[in-house]
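Trainee: Okay, handing you the structure first.
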Amino acid sequence: MRDDERIADILGQWRQRREAGEASASEQLLREYPEYAEQLAEHIAAERLLDEELPGVAEGTPSRIGDFSILRELGRGGMGVVYEAEQISMRRKVALKVLPVAITGTPQAVKRFQREAHAAGKLHHTNIVPIHAMGQHAGHWYYAMELVEGRPLSDVIVQLRRAAKPTEEELARVAQGGEPASSSRIEELDTDTGDRSYFTRVAGTFAAVADGLQLAHVEGIVHRDIKPSNLLLDVDGTLKVVD
C-alpha cells in the first residue's frame with residue numbers, strides 16, 4: 001500500500017470513530033502514526049477549516065464555478081463541500097463537490113480529490129452515482145455528479161425506527177421525504193416487525209449495492225468508507241453509493 005493510500009485509510013477509520021463518538025484526539029492520532037504525522041496534521045487542519053470556519057456556502061466559494069451556478073449547500077465531509085448547482089450549458093441540476101481553496105494548497109489533498117473523481121468516473125452502474133465532469137476554475141477544484149433526489153440511508157433508518165411495523169409502503173414514503181405512518185418507536189428489527197415483502201425489498205436493495213461494489217473491486221477500486229450516510233435512497237427506491 002502506497003503512503004497516500006495508507007494515510008487515506010488511517011483518516012477514514014479515524015473519521016468513522018469520530019462520527020461514532022469513539023475517536024481519539026487528533027494529537028493522539030499523530031502519536032500513533034509518527035511516520036505520517038506531518039501529512040496527517042495537514043489533513044486534520046484542513047478538515048477543521050471545513051467543520052468550524054466555513055458556515056453555509058463556504059467562505060470564498062463564488063456563486064459560479066466554471067459552467068456551474070451554485071444554488072445551495074447539500075453537505076460536507078473530509079474532502080470538500082457538496083452543493084446543489086445548475087450546469088448552465090446543459091440546463092440540468094447536479095451535485096457539485098468542491099475542494100475549498102484552503103485545502104488546495106495541500107498537494108496530497110488535490111491528488112486524492114482527483115483520484116476520487118477519476119475512480120468514480122470509470123464506473124457505470126445503476127447503484128453508483130455517476131460523475132459528469134471534473135475541472136478547476138479560479139483555484140477551485142471540483143467535480144460534478146448526478147443530483148440524487150432522495151435521502152441518506154442514515155436518515156431513512158432513523159425514520160423507519162419510528163414505524164411500528166415497516167412495510168414497503170413505509171419505505172417508499174420515507175424515501176420520498178415523508179414521515180412513517182406510525183410514530184411508535186421500535187428498538188430492534190426482527191422477523192416479526194415487518195412483512196415478507198418489506199424484507200425481500202431490503203435484501204434486494206442491498207444486493208444491488210453489493211453488485212455495484214463488486215464492479216468497483218473488479219476495476220481495482222475500494223471505497224473504504226461505506227456507511228449509511230454515504231448511501232442515498234432515491235425517490236424510486238434505488239440505493240446509490242456516493243463519496
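Since every read-out is calculated from the coordinates, none of them should be taken as a lab result. Just so it is clear, the structure is predicted and the values come from calculations on it, not from any experiment. Cβ sites come from the backbone with ideal geometry, for glycine too, and all protein chains shown count toward neighbours.
Trainee: Can you list the HN-Hα couplings for the stretch 31-43, worked out from phi with the Karplus curve (6.51, -1.76, 1.60; θ = phi - 60°), rounded to whole Hz and with x for Gly and Pro?
Mentor: Result, ordered by residue: 5, 5, 10, x, 5, 10, 4, 5, 5, 5, 4, 5, 5 Hz.
Trainee: Could you give the length gained on full extension between Ala37 and Ile157, defined as 0.36 nm per residue of separation minus the Cα-Cα distance, in nm?
Mentor: Numbers: separation 120, 0.36 × 120 = 43.20 nm, distance 3.66 nm.
Working it through step by step, the gained length comes to 39.5 nm.
Trainee: If the label point is 7 Å along Cα→Cβ of Leu71, which residues in the stretch 116-140 have backbone nitrogen under 12 Å from it?
Mentor: Within reach of a label on Leu71: no residues.
Trainee: Fully extended, how many nm does the chain gain between Arg6 and Ile88 (0.36 nm per residue separation, minus their Cα-Cα distance)?
Mentor: Numbers: separation 82, 0.36 × 82 = 29.52 nm, distance 3.84 nm.
Here the answer is 25.7 nm.
Trainee: Hey, quick one: spin label on Glu149, modelled 7 Å out along Cα-Cβ, who in the stretch 209-243 has an amide N within reach, i.e. under 20 Å?
Mentor: What the label zone holds, given the 20 Å backbone N cut-off, is 231-242.
Trainee: Now, a different point. In nm, to one decimal, how far is the modelled label at Gln176 from the one at Gln28, with both set 7 Å along Cα→Cβ?
Mentor: Taking the simple label geometry, Gln176 and Gln28 are separated by 4.7 nm.
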